[in-house]
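Working notes, beginning with the structure itself.
The values are calculated or read from the model by the stated rules, or taken from the named source; none is laboratory data. The structure displayed is predicted, hence computed values, not measured ones. Neighbour counts run over all protein chains shown; Cβ positions are idealised from the backbone, glycine included. Quick note on the areas: whole protein, heavy atoms, side chains included, nothing else; ligands and nucleic acids left out. Shrake-Rupley method; radii C 1.70, N 1.55, O 1.52, S 1.80 Å.
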Amino acid sequence: SQQGEEDPQALSIQEGENATMNCSYKTSINNLQWYRQNSGRGLVHLILIRSNEREKHSGRLRVTLDTSKKSSSLLITASRAADTASYFCATVSGSARQLTFGSGTQLTVLP
Amino acid sequence: GAVVSQHPSRVICKSGTSVKIECRSLDFQATTMFWYRQFPKQSLMLMATSNEGSKATYEQGVEKDKFLINHASLTLSTLTVTSAHPEDSSFYICSARADRDTQYFGPGTRLTVL
């Protein structure tokens, strides 16, 4: 089953603008991860943030985590047309440490 | 990052036939692999956890007799869709666990059942 929801479901922006996607989840977590999926392809791991971390950066990516609100956000700065893809958050919980994916955000960056 | 391959990338079959999908970790050993299913414009749903040398663990609602999983080596897991029907048409993605928190995903297999 899905852990939670992402919003927006779809986001369309101009190249150079920033894109923000939000993820909410329901249970306590060990960590939260963000993935990218190009159409019809597999998933690429972007970034992992642990439950005791509040913010993390990787290149043009910035992830925040608020465990009190059970939410996370992914910010992509200075977006490029090549960033067009679906973005999924996934939580890791419990001893099994399985990934439970959110509903995803389809990002379109217009050149 | 590590590489996980899937084969075939695309398969079209007739209703009633069985289809086998392979998932290989190419440059690391994975005692645990996962199989996901993804419908168009939807998220990934975990089907089962495949453990090397033991029986797979299936998620609720997934028929183990329909989706046979074999994890015979540390680098290979297979998913066999038995007696496939059109409703089994989907995108199947595997992943291999490299460490406690890291999974590497295969490129996916598009199954179309006519």
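Things to note:
- For the residues of B:44-56, the average number of beta carbons from a partner chain within 10 Å of their own beta carbon is 2.
- Exposure of A:Thr108 as accessible area (Å², to 10), given a probe of 1.4 Å and all protein chains: 50 Å²
- Cα→Cβ-extended label distance, 7 Å offset, between B:Ser83 and A:Ser51, nm: 4.3 nm
- Per-residue mean of C-beta atoms belonging to partner chains within 10 Å, peptide A:88-95: 1
- Note on chain B: GNM, Cα springs under 10 Å; of B:Ser83, B:Ser50, B:Ser95, the largest mean-square fluctuation is that of B:Ser83.
- The equivalent ellipsoid that matches the C-alpha gyration tensor of region A:1-81 spans semi-axes of 21, 15, 13 angstrom, in descending order.
- In the A-B interface, the accessible area buried, summed over both sides, Å² (probe 1.4 Å): 1500 Å²
- Summed residue charge, Cβ within 9 Å of A:Cys23's Cβ, Lys/Arg positive, Asp/Glu negative: -3
- Using θ = phi - 60° in the Karplus curve 6.51 cos²θ - 1.76 cosθ + 1.60, the 3J(HN,Hα) couplings for region B:24-39 round to 10, 8, 8, 10, 7, 9, 10, 6, 10, 10, 10, 10, 10, 10, 9, 8 Hz; x is entered for Gly and Pro.
- Most mobile of A:Ala90, A:Ala78, A:Ala19 in a GNM of chain A (Cα contacts under 10 Å): A:Ala78
- The mean number of Cβ atoms from other chains found within 10 Å of a Cβ in peptide B:101-108 is 6, as a whole number.
- Proximity of backbone amide H atoms, modeled 1.01 Å from N, is registered between B:Met47 and B:Trp35, B:Tyr36, B:Arg37 at under 5 Å, excluding neighbours fewer than 5 places apart on the same chain.
- HN-Hα J in Hz across region A:98-111 - Karplus 6.51, -1.76, 1.60, θ = phi - 60°, x for Gly and Pro: 7, 8, 10, 8, x, 7, x, 10, 8, 9, 10, 10, 8, x
- Local electrostatic count at B:Gly108 - Lys and Arg +1, Asp and Glu -1, tallied over other residues with Cβ under 11 Å: +4
- Summed residue charge, Cβ within 12 Å of B:Ile69's Cβ, Lys/Arg positive, Asp/Glu negative: -1
- Taking 4.7 Å between C-beta atoms as the pairing limit, chain B has these partnerless cysteines: B:Cys13.
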